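Report on the following structure.
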Amino acid sequence: MARRAGVLGSPIRHSLSPTLHRAAYAAAGLPDWEYTAHEVDEGGLTPFVAGLDDDWRGLSLTMPLKVAAFDVAEQVSPLARAAGAINTLVRTDTGWSADNTDVHGVTQALLDAGAAGTTSATVVGSGATARSAVLGLVGLGATRITVAARTPQRAEALRGVADVDLRVVPLADWAGTGDRTFVSTLPGGTANAAAAEHAGPGLADAVVLDVVYADWPTPFARAAREHGAQVVSGLEMLVHQAARQFELFTGTPAPVAAMQAAGRAALGHTPDA
């Protein structure tokens, strides 16, 4: 019996999710599964989901649907509520169950880089992705988190995300917090380049995750590496969040290595690029 899943968002053309999930189906021996991409905006989410038949088992959601999805979910996980964002909908007997696998993506990408045992960490940026970054770092073991932000008021809103000791510093001070684990949630472009100018010697031997994966390496990633940091591409976070989705959709352990290989090939990345 055919099973279907897909990714929804707008714009969706450049999504890597089909590449990752299809590679997982092939590696896991699931020929009856199909994964497709669909251009859907906020106004179109409810009718799109309502029109799906029982062949559909799961949906991956990207911008701008991560908040709108609260309106179509029958159940919402505590993690998704804490993050204020849904990136995963799973078909159940009673409707669609919502979750957030971005948090797992942050935690696992950092664990792979050797950041186990982190108790203190820095998040660069205070936008929507920063909420998932904070929760991902808590999953790693962090009890004290510094947020480096251009807009302190936005950073203050992160205090309610998790039970941690949270402090806020100016964006220019991000590399001097004394932490050994960093997550940049800044988008590519001007903000990323501006933060890169403030990289410094305090990053030597630190682990730095930059959630951006396109046009890699970013200015932020290059600057962090030049100052001695071990830099992790956002592709690794993307792969791990997709792997968790794959498991929720199919009930099968994710072939993470195959998904990583497919993603790296699609972007022209190497593990140390």
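The values are calculated or read from the model by the stated rules, or taken from the named source; none is laboratory data. These numbers were taken from a predicted model, which means no experiment stands behind them. Please note: Cβ atoms are built from the backbone with ideal geometry, for glycine as well, and neighbour counts cover all protein chains shown. Side chains included, ligands, DNA and RNA excluded: accessible areas come from the protein's heavy atoms. Shrake-Rupley method; radii C 1.70, N 1.55, O 1.52, S 1.80 Å.
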Item checked: Test: T151 is surrounded by fewer than 18 Cβ atoms within 10 Å (Cβ to Cβ), over 16 Å from S184 (Cα atoms) and of a type in the set (V, I, T) -> no
Item checked: Residue check, D53 surrounded by fewer than 19 Cβ atoms within 10 Å (Cβ to Cβ) and touching a residue at least 24 places away in the same chain (Cβ under 8 Å) -> no
Next item on the list: Return the residue satisfying two criteria in turn: it lies in the stretch 49-68 and is closer than 18 Å to R4 by Cβ and part of a helix (DSSP H, G or I), and of such residues it is farthest from the chain's Cα centre (by Cα).
Entry: A50
Notebook entry, point to check: What's the number of the condition V40 fails, among (1) of a type in the set (V, I, T); (2) closer than 30 Å to A265 by Cα; (3) open to solvent by 20 Å² or more (accessible area, probe 1.4 Å); (4) without any contact (Cβ under 8 Å) to a residue 40 or more places away in the chain?
Noted result: (3)
Next item on the list: Could you tell me whether T118 is open to solvent by 20 Å² or more (accessible area, probe 1.4 Å) and in contact (Cβ under 8 Å) with a residue 12 or more places away in the chain?
Entry: no
Notebook entry, point to check: Limited to the stretch 9-24, what total is found for residues that are open to solvent by less than 10 Å² (accessible area, probe 1.4 Å) and touching a Phe, Trp or Tyr at 6+ places or on another chain (Cβ under 7 Å)?
Noted result: 2
Notebook entry, point to check: Does A172 fit the bill of being of a type in the set (A, V, I, L, M), within 17 Å of the chain's Cα centre (by Cα) and open to solvent by 40 Å² or more (accessible area, probe 1.4 Å)?
Noted result: no
Margin query: of a type in the set (S, T, N, Q) and more than 20 Å from R244 (Cβ to Cβ): is that true of T62 in this structure?
Written below: no
Next item on the list: List every residue pair whose Cβ atoms lie under 6 Å apart, where the two residues are 6 or more positions apart in sequence or sit on different chains, the first residue falls within the stretch 203-223 and is among the polar types (S, T, N, Q), and the second residue, located anywhere, is in a helix (DSSP H, G or I).
Entry: T218/N192
Note to self: Looking only at the stretch 78-97, how many residues end up being in a loop (DSSP other than H, G, I, E, B) and surrounded by 18 or more Cβ atoms within 10 Å (Cβ to Cβ)?
What the structure shows: 3
